[in-house]
Amino acid sequence: MKKTVAKPNEVAAMDMDEIRRLIDLGEKKGLSEFEVEKSGVRVRIKYSRGAEFIRVPPGGVATNPGVPVEGLVQSAENSVSTAPLPPVPEELEDKERYVVKSPIVGTFYASPDPTAPSFVKVGDRVKAGQVLCIVEAMKLMNEIESEVSGELIKVYVENAQPVEYGEPLFAIRVS
Amino acid sequence: MDEITVRKIDKLLNLMVDNATVVVSGEKIARELNVTRSQVWQWVERLRNLGCEIQGVPATGYRLKKMPDLLAPELVRRELGTSSFGKTIHHFLEIDSTNDYATQLAISGGVEGTVVLAEGQKSGRGRMGRQWYSEPLKGIYCSVILRPGLPPAKGPLLTLAAALAVRDAVCRMTDLKMDIRWPNDLMIGGKKFCGILAEMSAEVGRIRFVVMGIGVNVNHTSFPKEISHLATSLKLETGKTWSRIELTGQMLKRLESLCREMEKAGGQGIINRWSEISSFAEHKRVEVHSNGTSFFGETAGLDENGFLRVKRDDGCLETIYSGSIAEANEPVKES
């Protein structure tokens, strides 16, 4: 989970898009924490790896599953500002990192049947159209295909676990 | 038998049906199927083995005298009237799996209502790689391509609609008392006679297609030992042989109207009807096997997605997305 610390009323001075780019950059480089100062605005970004779920704060900020942001929590000395942040648009998902989400509520299966090997594992090269997993609800088997080609870099869900609508299932580094 | 052979035998059958009661020359058949006359003769033998009464007219050709209850597309279509489901029917004497074939058709653009029927399946599937026992000529092994104007979240509800469609079709023909075990097993006297397995292709926000696989045990007179305590057929329950053609037609018509209803009015109507019919909807003591665990509880209705709510013995309310439900055999504990 991350926190962005800034002077709330000056966030606008540093463009939201710019902050998003910074978040993605740090994520890609595998940084655990970094700080940037520009035009008197200081932003510190802290990552904690291995987080599986994204919690959207009430009244929430649309989070981008690709980058598990726990909202962009503003905290400052005079942190009374609870003004809603502008929603993070879908484009936040950067072009190189593609997140496959579940189109239905159901049960996640990593393999076609319990005795078969997983469709894919981290490190695999996947092609667009390749089956990545099955999400089942009420004997409706939803084969989830990759819409992009690239390297599978993350599996968010364990076999036979329930998943929610829109929940991230895989991350793929597009190539 | 390879697929081309299967298709050609099917074409032969349709040729015979189209020209029933008249003599079709062996030469004409050979020409249409692009095979030799001796090949035609072998396939005619095969159809005879399936119960077709085909008279060989010396030096001329063949005449179909009697057709068994084969699910020949023309015959099924006669049952369908003006329905749009079943306008295109792919019929096989034998196939690996109707769902696999229908999925391929759907991927290459097969339209809504396209139907795949087989007299037998070599690897009929159930959930999680289980087998569906598909005895040739006895059951209905059917897959239908649906392209509903529904969000993917409503896709699973279509499997309840399919179970209702088969149930309604059987109701029209017999006076059997049926139950539906969540989500979509049709039961008579605690034994299953119809199973549903659907495959969906969807993206976030849109269903590309659903292939609805329906297996109905119609005229089976026995089952393998391993499943005989779990499975039954309409014939075993009534002692009568039923027309698979009529039943197929009825269930396709009903499925079409239930799908239309869902598109127009949403899924609540399906959930309500399911709940009226199924003894599993409420206050049923069940054993739930889901996601590698199992527990006992009492059913507490369906939610708006058709998911089953079960109140566990420890008081927790669980919502079940997938898995199997069995009527609990153990007596309810007295408190």
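To keep it simple, each residue is scored yes or no on (1) at positive phi; (2) within 20 Å of the chain's Cα centre (by Cα); (3) outside any helix (DSSP H, G or I); (4) of a type outside the set (Val, Ile, Thr).
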residue: B:220; (1), (2), (3), (4): no, yes, yes, yes
residue: B:242; (1), (2), (3), (4): no, yes, yes, yes
residue: B:271; (1), (2), (3), (4): no, no, no, no
residue: B:283; (1), (2), (3), (4): yes, no, yes, yes
residue: B:289; (1), (2), (3), (4): no, no, yes, yes
residue: B:300; (1), (2), (3), (4): no, no, yes, yes
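Mind checking which residues of segment B:310-328 are more than 27 Å from the chain's Cα centre (by Cα) and buried (at least 17 other Cβ atoms within 10 Å of the Cβ)?
B:310
Does residue B:213 fit the bill of being under 26 Å from residue B:100 (Cβ atoms) and out of contact with any His (no Cβ under 9 Å at 6 or more places or on another chain)?
So residue B:213 passes the test.
Out of the residues in segment B:281-298 that are surrounded by 13 or more Cβ atoms within 10 Å (Cβ to Cβ) and farther than 11 Å from residue B:320 by Cβ, state the one that is nearest to the other protein chains (Cβ to nearest Cβ).
Filtering segment B:281-298 for residues that are surrounded by 13 or more Cβ atoms within 10 Å (Cβ to Cβ) and farther than 11 Å from residue B:320 by Cβ, the one nearest to the other protein chains (Cβ to nearest Cβ) comes out as B:281.
For residue B:278, state whether it is touching a His at 6+ places or on another chain (Cβ under 7 Å), within 14 Å of another protein chain (Cβ to nearest Cβ) and hydroxyl-bearing (Ser, Thr, Tyr).
Against the criterion (touching a His at 6+ places or on another chain (Cβ under 7 Å), within 14 Å of another protein chain (Cβ to nearest Cβ) and hydroxyl-bearing (Ser, Thr, Tyr)), residue B:278 does not qualify.
Within 14 Å of chain A (Cβ to nearest Cβ), in contact with a strand residue (DSSP E or B) (Cβ under 8 Å, 6 or more places away or on another chain) and surrounded by fewer than 18 Cβ atoms within 10 Å (Cβ to Cβ): is that true of residue B:120 in this structure?
no
Scan segment B:173-186 for residues that are more than 17 Å from the chain's Cα centre (by Cα) and part of a helix (DSSP H, G or I) and jot them down.
Within segment B:173-186, no residue meets the criteria.
Considering each of B:80, B:12 in turn, give the residue that is of a type in the set (A, V, I, L, M) and touching a residue at least 60 places away in the same chain (Cβ under 8 Å).
Only one candidate passes the filter, namely B:80.
Residue B:256 is checked against (1) away from chain A (no Cβ under 14 Å); (2) over 18 Å from the mean Cα position of the chain (by Cα) and fails just one. What number does that condition carry?
(2)
Scanning for something modelled with pLDDT under 95 and of a type in the set (Lys, Arg), does segment B:168-187 turn up at least one residue?
Within segment B:168-187 (the criterion being modelled with pLDDT under 95 and of a type in the set (Lys, Arg)), the answer is no, since none of the residues qualifies.
Restricting to segment B:311-333, name every residue that is at negative phi and within 14 Å of chain A (Cβ to nearest Cβ).
Passing the criteria: B:318, B:319, B:320, B:321, B:322, B:324, B:325.
Out of all the residues in segment B:187-198, which are surrounded by fewer than 24 Cβ atoms within 10 Å (Cβ to Cβ) and either outside any strand (DSSP E or B) or facing chain A (nearest Cβ under 7 Å) (or both)?
Matches in segment B:187-198: B:189, B:190.
Which number in (1) exposed (fewer than 15 other Cβ atoms within 10 Å of the Cβ); (2) in the same structural domain as residue B:211 (by TED's automatic domain parsing) marks the one condition that residue B:101 misses?
(1)
Among the residues of segment B:88-115, how many are touching a helix residue (DSSP H, G or I) at 6+ places or on another chain (Cβ under 8 Å) and not β-branched (Val, Ile, Thr)?
Of the residues in that region, 7 qualify.
Looking at segment B:256-272, is at least one residue touching a residue at least 24 places away in the same chain (Cβ under 8 Å), under 22 Å from residue B:218 (Cα atoms) and in contact with a Phe, Trp or Tyr (Cβ under 7 Å, 6 or more places away or on another chain)?
Yes, there is a match, as at least one residue in segment B:256-272 is touching a residue at least 24 places away in the same chain (Cβ under 8 Å), under 22 Å from residue B:218 (Cα atoms) and in contact with a Phe, Trp or Tyr (Cβ under 7 Å, 6 or more places away or on another chain).
Sort out for me the strands (runs of 3 or more DSSP E) sitting completely within segment B:1-84 that have 2 or more residues that are surrounded by fewer than 18 Cβ atoms within 10 Å (Cβ to Cβ) and touching a Ser or Thr at 6+ places or on another chain (Cβ under 8 Å).
Filter on segment B:1-84 gives B:23-25, B:61-66.
So in segment B:139-158, with the set limited to residues that are part of a helix (DSSP H, G or I) and surrounded by 24 or more Cβ atoms within 10 Å (Cβ to Cβ), which one is nearest to the other protein chains (Cβ to nearest Cβ)?
B:152
Mind listing whichever residues of segment B:172-190 are among the charged types (D, E, K, R) and farther than 20 Å from residue B:288 by Cβ?
Answer for segment B:172-190, where residues must be among the charged types (D, E, K, R) and farther than 20 Å from residue B:288 by Cβ: B:172, B:175, B:177.
The values are calculated or read from the model by the stated rules, or taken from the named source; none is laboratory data. These numbers were taken from a predicted model, which means no experiment stands behind them. Cβ atoms come from the backbone with ideal geometry, glycine included; neighbour counts cover every protein chain shown.
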